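Chemist: Attaching a single structure in C-alpha cells format; questions to follow.
The values are calculated or read from the model by the stated rules, or taken from the named source; none is laboratory data. No experiment lies behind these values; they were computed from the predicted model shown. Ideal geometry is used to build each Cβ from the backbone, glycine not excepted, and the neighbour counts take in all protein chains shown.
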Amino acid sequence: MSQPHDPSAPTDASQDERLELRVRPSFQFFYSLPLLLAVAILVDALLAPAVDKWLFLLLVLALGAVSLPRGWSKVTLEGQHLTVHAPLRRPRQLDLRRLATVDASPRLGQALLLRYHPDDPQGQPDLAREAVLALPPLQDQYLLEARVQAILDSSDTVL
C-alpha cells in the first residue's frame, strides 16, 4: 500500500506540521492528455474544416474539463484536517477524526482511498453510512499515508 521511500523527500512526520503534496508529474501529464489532444484536433480542424471534427473537439474539451483539475490538484494536511484543492473547483475538506479506513487503489498509481462517515442533515457524523474520497496519485504519498494511519491508530472512536 505504501509508496517506495524517496531519500530526497522530507522525513519529518510530525502531526502538527503542515504537509502539502502535489500530483506526481507522470500523472499530471496523463491527466493533461485531453488538452493536448484538443490542440491537435483544433489544428486539424482549422487546416481541413469539417463539422465532425468540431464536435469531436467539443467532446475532448469536455473530457479535459473533467480530468485537468484532478491532474493539477494538491492535497494539504494540517492537524486533523485534509483538504483537496483542485483548479476550477471548491476545496474539499475532510475531518480525519471521521475517517473509517485508508486503502490504496488497486489501479495504476495506487492512489489513496479515504473512507469516512459523512454528515447527516443535522451536521453530525452518520455512522451508518460511508463515503469515499479518492485522492490522485501524489508525490511522497507515503508521508500522507503514514500521518493519516497514525491518526487512525490514535483515535478509538469516531466523533
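Chemist: Mind checking which residues of the range 127-155 are under 18 Å from ALA111 (Cβ atoms), hydrophobic (A, V, I, L, M, F, W, C) and without any contact (Cβ under 8 Å) to a residue 40 or more places away in the chain?
Modeler: Selection gives ALA131, VAL132, ALA134.
Chemist: Ok, one more. Out of curiosity, is SER67 of a type in the set (Gly, Ala, Ser) and within 17 Å of the chain's Cα centre (by Cα)?
Modeler: yes
Chemist: Count, please, the residues in the range 91-126 that happen to be charged (D, E, K, R) and free of Cβ contacts under 8 Å to residues at least 12 places away in the same chain.
Modeler: Residues in the range 91-126 being charged (D, E, K, R) and free of Cβ contacts under 8 Å to residues at least 12 places away in the same chain: 4 in total.
Chemist: Still on this structure, I have one more. Which numbered condition trips up THR11, out of (1) of a type outside the set (Phe, Trp, Tyr); (2) over 18 Å from the mean Cα position of the chain (by Cα); (3) modelled with pLDDT under 85; (4) part of a helix (DSSP H, G or I)?
Modeler: Here THR11 meets the rest and fails (4).
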